[in-house]
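The values are calculated or read from the model by the stated rules, or taken from the named source; none is laboratory data. On a predicted model such as this, the values are computed, not experimentally measured, just so you know. No Cβ is skipped: glycine too gets one built from the backbone with ideal geometry, and neighbour counts run over all protein chains shown.
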Amino acid sequence: MTNSGLTEITRCEVCGGHTLRPVLDLGRHPMCDDLVAVGDARICVEYPIEILFCDTCRTAHQRFQIPKHELFPSTYHYRSRQTLDVLNGMRRLVEACVAHYGDLSGKKVLDVGCNDGSLLSIFREYGAKTFGIEPTGAAADAMAAGHKVLNAFFSEEVAGDFVAQFGQPDIITFTNVFAHIEDLGAVVRALKILLKSDTRIVIENHYLGSILAKRQ
């Protein structure tokens with residue numbers, strides 16, 4: 001089964017340039033987390049995976065953008081806590097924040113796309129006050145772990161709601177989130193609502209060079 005409700009990317013989402021070049025076509029594939037039980041007749045929806053490369057700013061893109069509600073449904077079952085490498089990477093990120101920004105005691109940390117709150121739990125070990133924004137059912141896991149979470153997709157409206165309820169954060173984290181965002185401009189506008197003059201933004205994202213070099 002194929003999906004026809006995709007948005008085709010025709011200009012670079014980072015610099016706005018039109019020099020997008022196809023460099024890799026992997027055909028059609030189902031979502032990596034769309035698992036079908038043995039004996040179930042359901043057929044997975046397949047999506048095209050074609051990589052474009054911007055010659056202007058050297059950013060790689062998926063040619064076709066999957067709607068966010070299909071990519072991250074309420075039933076999304078991935079949980080960060082189930083993968084040791086992910087948890088180890090999160091701990092290194094928090095340790096790097098301590099090294100760069102000093103004592104985190106009492107600091108307000110917001111993790112956008114917080115999943116089950118695993119990263120926030122590590123920040124809390126260092127005395128931080130922890131908050132999240134998460135659109136999927138994983139938000140319930142994060143709340144059960146004691147974090148304050150808005151169960152929604154990140155937007156200007158949600159950023160305003162967050163500030164109204166909790167104030168502006170000291171640190172904002174995005175771990176493997178930017179690659180899945182439909183509108184980067186809208187995210188930047190939402191960030192401006194959250195920022196104080198000394199708010200730090202920490203972004204973790206895939207680097208195509210490492211993916212190719214390490215054959216990931």
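Suppose we keep only residues that are over 19 Å from Y76 (Cα atoms) and in contact with a Phe, Trp or Tyr (Cβ under 6 Å, 6 or more places away or on another chain) within region 99-122. Which one would you say is surrounded by the fewest Cβ atoms within 10 Å (Cβ to Cβ)? Checking each candidate, the answer is L104. Look at region 65-79: where a residue is on the phi < 0 side of the Ramachandran plot and a partner is surrounded by 15 or more Cβ atoms within 10 Å (Cβ to Cβ) and among the acidic types (D, E), sitting 6+ places away or on another chain with Cβ atoms under 8 Å, you get R79/D116; R79/D141.
In region 74-93 there is at least one residue matching the filter, namely being loosely packed, with under 12 Cβ neighbours inside 10 Å and more than 18 Å from the chain's Cα centre (by Cα).
Inside region 101-114, can you point out the residues that are part of a loop (DSSP other than H, G, I, E, B) and either over 23 Å from L195 (Cβ atoms) or charged (D, E, K, R) (or both)? Within region 101-114, D103, K107 qualify. Set side by side, the residues G167, G185 differ, and just one is among the small types (G, A, S) and at pLDDT 95 or above, which is G167.
Could you check how many residues of region 1-60 are in contact (Cβ under 8 Å) with a residue 60 or more places away in the chain, part of a loop (DSSP other than H, G, I, E, B) and over 24 Å from Y76 (Cα atoms)? Residues in region 1-60 being in contact (Cβ under 8 Å) with a residue 60 or more places away in the chain, part of a loop (DSSP other than H, G, I, E, B) and over 24 Å from Y76 (Cα atoms): 2 in total. Looking across region 162-216, the residues that are of a type in the set (D, E, K, R) and either surrounded by 15 or more Cβ atoms within 10 Å (Cβ to Cβ) or within 19 Å of the chain's Cα centre (by Cα) (or both) come down to D170, E182, D183, R189, K192, R200, E204. Among the helices (runs of 4 or more DSSP H) confined to region 152-216, there are none with at least 3 residues that are touching a Lys or Arg at 6+ places or on another chain (Cβ under 7 Å). Note on region 123-147: residues that are assigned to a helix (DSSP H, G or I) and in contact with a Phe, Trp or Tyr (Cβ under 7 Å, 6 or more places away or on another chain) total 1.
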